[in-house]
1. How many angstrom separate the Cα center of the stretch 437-487 from the Cα center of the stretch 523-602?
2. Treat each spin label as a single point 7 Å out from the Cα along the C-beta direction, and report the A300 to V223 distance in nm.
3. Taking the Cα centre of the stretch 319-679 as the origin and placing charges on Cβ (Lys, Arg +1; Asp, Glu -1), which of L389, G618, A673 is farthest toward the positive end of the dipole?
4. Over its Cα atoms, what ratio of radius of gyration to 2.2 N^0.38 Å does the stretch 53-315 give?
5. Classify the chain as rounded, prolate or oblate from the Cα gyration tensor: take a ≥ b ≥ c as the square roots of its eigenvalues, call it rounded if a/c is under 1.5, otherwise prolate when a/b beats b/c and oblate if not.
6. Which residue, N450, Q491, T429, has the largest displacement toward the positive end of the dipole of the chain when charges sit on each Cβ (Lys, Arg +1; Asp, Glu -1)?
7. Working out 0.36 nm times the residue gap between E211 and E248, then minus their Cα-Cα distance, what length gain in nm do you get to one decimal?
8. Applying a 10 Å radius around every beta-carbon, put 508-518, 397-407 in order of their mean neighbour count, most first.
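Derivation of every value follows stated rules applied to the coordinates shown; laboratory data play no part. Just so you know, these numbers come straight off a predicted model, no measurement behind them. Reconstructed Cβ throughout: ideal geometry from the backbone, glycine too, with neighbour counts over all protein chains shown.
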Amino acid sequence: MSNEEKKHKGLDRYIVLAVCILAAAAIIIYNLATIQLINGAYYQEQSISRIATEGYIYPKRGDIFDRNGIPIAGSRMGYCVQYVDVDMSHEEKNAMFFELISVLEENDRGFKSRLTDYIDIDPIRFKTDNTESFIKGIVVNQEDAQYLITADQVFRYLRDKTFEIDSSYTDEEAFKIMKLRYEVLVNRPSIQNPLIIADDIPALAMAEIEERSSYFKGFSTYVKPYRVYYNAQLVSHVLGYVGYISQEQYDRFSEEYPDKYYTRSDIVGIMGIESAAEPLLRGVSGLISREVDESGRTTAFTIERPPVPGNKVYLTIDLELQKVAAESLKRNIEEIRKKSHNKNFGDADAGAVVVMDVKTGEILAMVSYPDYDPAVFLGDDNEAKAAILTQEGNPMWNRASQEIYAPGSTYKPLVAVAALESGTITPTTLINCPYREEVGGLMLTNLEGNQGKIALTKALATSSNMFFYKVGVMTGIDNIVKWAKEFGLAQPTGIEITESVGRIASREFKKTYFGEDWYPANTVMAAIGQLYNAFTPVQITNYISCIANEGKRYTPHLIKMAVSPEGKIVYEAPDEYYKIPVKQDTIDAVKAGMVAVTHRNDGTAASVFRDFPFDVAGKTGTSETGREATESSNGLFVCYAPYDDPQIAIAVVVEHGVWGSWTAPIAKDIMMAYFRLNETEDTSGSHTVEIIW
């Protein structure tokens with residue numbers, strides 16, 4: 001080959017190489033153009049979603065303790081299953097959901113679904129008459145709604161049209177899938193707001209879901225704090241319970257506490273202190289930045305803001321004293337039912353006890369019977385929850401702060417205050433109290449018999465109706481109402497948990513609710529705590545506390561203080577009170593009458609406190625319900641102790657308790673415990689207390 005030929009051949013090689021390089025460059029440029037120019041927006045969106053998605057980390061809810069540091073509520077860590085909706089065919093999604101449900105059922109776990117609020121199976125039926133909005137929310141086309149009338153039609157539509165569940169599943173299996181898919185439909189879970197499918201699942205279930213992550217697309221398991229209760233039933237009405245946040249709560253809390261970052265999957269307080277102390281118990285949600293794959297699963301994460309635990313809340317309640325009060329109330333109710341008396345129908349079945357520190361307003365014990373176990377509301381046992389909600393006697397009703405009772409003769413010390421302050425009587429004024437006499441236009445009987453002329457001390461000691469019939473009319477209803485309000489009766493007390501206001505028998509009340517004028521005969525009944533008078537046990541305790549501490553009206557409270565995770569006190573109950581403008585001589589006269597109730601031979605509670613080691617000031621009350629032909633009257637007892645240096649005030653109410661004196665032993669048991677009168681010396685000379693758990 002000549003040199004010229006060799007030269008041309010070499011040149012051809014360079015040309016081929018150049019063409020290959022240019023072709024490769026063209027392909028690269030084309031792909032870059034496709035990525036950056038044609039599909040640039042798509043890939044940018046995918047990149048952002050994979051890197052910048054954010055979610056919340058659930059904070060630990062604050063612990064709750066009694067005043068002595070005994071735990072009542074705490075937290076533990078557990079696993080939950082969350083779901084982020086992913087794009088899949090109906091067939092794939094139904095199969096995946098059914099498999100997940102099987103995993104949960106194998107581990108004895110269910111899942112929550114609001115579909116069962118509207119429709120049920122076996123037989124297929126509606127569970128509510130309000131189905132219009134429900135049906136509009138499930139139809140594929142809005143015009144289909146007009147053809148869905150019966151429960152069976154709705155069920156078939158959900159199965160065949162909304163979720164396209166094929167015929168290989170039975171109706172029972174299809175309904176399980178429907179329930180889960182309905183939650184996804186109404187919640188539309190996203191990476192920013194995942195849907196909690198199941199709470200508190202076992203570690204084995206968590207491991208299986210994670211191991212099969214490539215199949216369970218969109219599902220993830222997370223560690224989450226869960227509420228734990230200790231001794232909860234003992235303080236059920238004080239504690240309350242927690243539950244999933246409602247839409248109304250989410251909207252309100254997000255506005256009121258934006259720095260706590262509430263989510264739609266949060267657990268919040270529903271009743272009692274759990275609800276009242278929500279701002280203190282609630283921590284701050286953490287923030288996590290997550291990278292996710294196309295299945296919605298987290299592949300990498302960064303904690304942008306760590307969660308902050310809630311504060312520790314210390315109550316004013318003394319659990320030891322609470323236990324004594326609860327046991328005594330229940331035991332005495334059972335004993336009252338068995339007592340023989342022509343006015344006893346054996347129907348005593350409920351009651352309440354409140355114990356207050358008269359120097360601070362702290363509630364040391366608050367018992368409502370019957371009670372319930374708040375721990376039931378922490379689980380998924382809907383049947384157990386329904387059983388409590390429908391149980392006879394309404395155990396979830398807090399009779400101490402929400403029920404109102406006619407005070408009966410426990411109102412007489414208040415009428416005495418009004419009479420003394422208005423100058424109607426003095427402590428030594430004698431009032432003739434025969435067996436029968438007309439007062440205020442009514443012919444009335446004195447249950448205490450013909451007492452002759454008596455003064456205030458004996459009138460209170462014997463609970464003389466005739467004395468207070470007359471003194472009430474002489475004092476006038478307006479004066480009585482004025483002082484009832486001063487002592488906080490039928491007024492909001494300010495206690496943290498839900499309370500009823502109650503009512504005072506007054507001109508205004510009768511005119512407003514009955515459109516009638518007031519008559520002296522009305523005053524007669526109001527003066528002995530009947531007619532329209534009705535107050536909560538908390539109000540009654542506070543009123544007696546005001547007498548004990550010589551006119552200082554504290555705000556009854558259940559929260560003593562709150563402590564931050566770092567140990568700093570972030571809340572402390574204020575030491576404030578309202579000074580009632582009542583004369584010291586008036587207080588002294590009423591106190592003398594109340595101590596006579598328990599320590600004079602003719603006192604209505606003398607038999608209960610005859611051997612008590614110090615003086616107790618008290619007052620019995622029998623409250624008529626208007627159904628005495630077939631039911632027993634309510635029994636009440638109020639007191640404070642010691643008489644010469646008051647520390648605690650107590651109010652006891654037993655529904656259908658017959659006589660106030662029959663309820664006094666409950667208060668005695670409480671005082672025995674509070675003042676450590678059950679202590680016994682051991683051989684070493686130290687003291688032991690019998691009432692420890």
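1. So the two Cα centres are separated by 22 Å.
2. 2.2
3. G618
4. Numbers: Rg = 20.2 Å, N = 263, 2.2 N^0.38 = 18.3 Å.
In units of the 2.2 N^0.38 Å rule of thumb, it is 1.10.
5. Numbers: a/c = 3.11, a/b = 2.52, b/c = 1.23.
It comes out prolate by the Cα gyration axes.
6. T429
7. On the way: separation 37, 0.36 × 37 = 13.32 nm, distance 3.78 nm.
Full extension from E211 to E248 adds 9.5 nm.
8. Put in order of decreasing packing, that is 397-407, 508-518.
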